[in-house]
Every structure is written in structure tokens, then in C-alpha cells.
Amino acid sequence: MSFAAVIKVGGSLSRGNGLPALCEEIGRLGKRYALLIVPGGGDFAEQVREADRRFHLEATTAHRMALLGMDQYGYVLSDLTADSVLTADLDYARESAESGRAAILLSSFLIMKEDPLPNSWSVTSDSIAAWLACRTRSDRLVLLKDVDGLLAAGKLIGEMTADQLASHSGGVDAYFPDILSAVGLEVWAINGLHPERLGELLNTGHTTGTRIIA
């Protein structure tokens, strides 16, 4: 059940004006490559964080509410991505992606059922997307952010290892390096505000961004 790429669309990309152009590019690329799209949490997850701060929710409660927030963002991405398929079923996602329709995954049911990750704010859509890439035996994970990649002192890091990532602060969630240390997965963190970079990466294997080597 392998995809050409698992692509996490960061929730931060919904806060400007660039999301429609990105979704248009994803729809176009989906005709050529089998793509699994994993929504981030964005403002939907922020509402859960606020509720957690106010009511001191159980960790599992907050985790599951955040998963539902990812699903809500998935509906937004589905509306903006032409010819895409919105589904909670991985088999149907694969069939759709192979037929030329980018598959946007509503992951909450699967994650709640299998419960493969800690129920904690150390796990966000980054780690969930990495787990899904492993679960589907896909070779590449692309994290679409609102910056060019992972940064150090304001400068782009072109390449780093999973071990180096473990000591790096920012850019991905705290649990993400633990997943990469156990699997052979190539990860790219690139700027979703420049949709052409996603096409360049899928077409050539390289683009402006940070390549993380497991």
C-alpha cells in the first residue's frame, strides 16, 4: 500500500492567502503521482489547546479532539483541491491515488483505533504523517510548512540526519525524531507557500528545503 509521497499540509498554511494555489498544485500533481495528503491541525487544533488550558483535559481527550481538528482541516483541503478524494479508508485512498486523484485522509478513526502514538502534545500531525508513511510503506514524507524548511539562527539547514534532528529545536514536534530513528524514511520539510517546490521535489528528488535522512 505504498504511495509516491505522503504529504502533510501544515495548518499554518491556512492563515494566509497561499492555500488555494497550493491545493491547485496538489490536485495537478495527483494526476501524475500517487499522493496521500495528511491535514495538519492549524487553528482547529489551537482551539483544542485553548480548551485544554482552560479545562485541564485528560491527555487522551485532548489528543482525540486534536485528531478531529485535523479532520476538519481535511474538509477544507478537499474543497480546495480539484479531483481529490476525501476518505478515512487507507485502501480506498490508495486506489484513488493510483487512479490519479490525490487522497486526503481523515485519519482520526484509524489513529483512535490503532492508538500507535503517545497521547500527548509532543505528538502532532508531523508524527502522525510519519507514522502513516511507515504504515503505508511509503518511501518519502513531505512536510509542507510556512517557512523554507528547518532553520538554525535564521538560516536554512539543507540536510540533516535523524540523530541531528533529535537535538534540533523547532520545526517539527518533539516525538518526530523517535519515529525517524526506527525507520528508513526520507523526509523533506519545504515551504508550501511556494507550490512549485513540491512539483520540483516530486519530479527531480530535490528542491529548496531541508532533507532529513533517517
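Residue-level check: of (1) of a type outside the set (Lys, Arg); (2) closer than 22 Å to residue 198 by Cβ; (3) in contact with a Pro (Cβ under 9 Å, 6 or more places away or on another chain), residue 33 misses just (3). Report whether or not residue 38 is farther than 17 Å from residue 142 by Cα and within 19 Å of the chain's Cα centre (by Cα). Answer is no for this residue.
Taking the condition of being out of contact with any helix residue (DSSP H, G or I) (no Cβ under 9 Å at 6 or more places or on another chain) and over 18 Å from residue 5 (Cβ atoms), how many residues in segment 165-205 meet it? Of the residues in segment 165-205, 2 are out of contact with any helix residue (DSSP H, G or I) (no Cβ under 9 Å at 6 or more places or on another chain) and over 18 Å from residue 5 (Cβ atoms). Within segment 167-205, restricting attention to residues that are surrounded by 14 or more Cβ atoms within 10 Å (Cβ to Cβ) and among the small types (Gly, Ala, Ser), the residue that is farthest from residue 32 (Cα to Cα) is 174. For segment 135-187, residues that are within 13 Å of the chain's Cα centre (by Cα) and among the hydrophobic types (A, V, I, L, M, F, W, C) total 7. If you filter segment 99-114 down to residues that are more than 15 Å from the chain's Cα centre (by Cα) and surrounded by 15 or more Cβ atoms within 10 Å (Cβ to Cβ), you find that the one that is nearest to residue 62 (Cα to Cα) is 110.
Looking only at segment 63-94, filter to residues that are within 15 Å of residue 110 (Cα to Cα) and of a type in the set (Gly, Ala, Ser); which one of those is surrounded by the most Cβ atoms within 10 Å (Cβ to Cβ)? Selected residue: 93.
A Cβ distance below 8 Å, combined with a sequence gap of six or more or placement on separate chains, defines the contacts here; from segment 74-89, residues that are of a type in the set (Ser, Thr, Tyr) and part of a strand (DSSP E or B) reach residues that are modelled with pLDDT of 95 or more and buried (at least 19 other Cβ atoms within 10 Å of the Cβ) in the pairs 87/93; 87/96; 87/103; 87/104; 87/105; 87/106.
Out of curiosity, is residue 136 in contact with a strand residue (DSSP E or B) (Cβ under 7 Å, 6 or more places away or on another chain), surrounded by 22 or more Cβ atoms within 10 Å (Cβ to Cβ) and of a type in the set (S, T, N, Q)? In short, no.
The values are calculated or read from the model by the stated rules, or taken from the named source; none is laboratory data. This one's a predicted model, so the numbers in the text were calculated from it and none came from an experiment. Every residue, glycine as well, gets a Cβ built from its backbone with ideal geometry; the counts of neighbours run over all protein chains shown.
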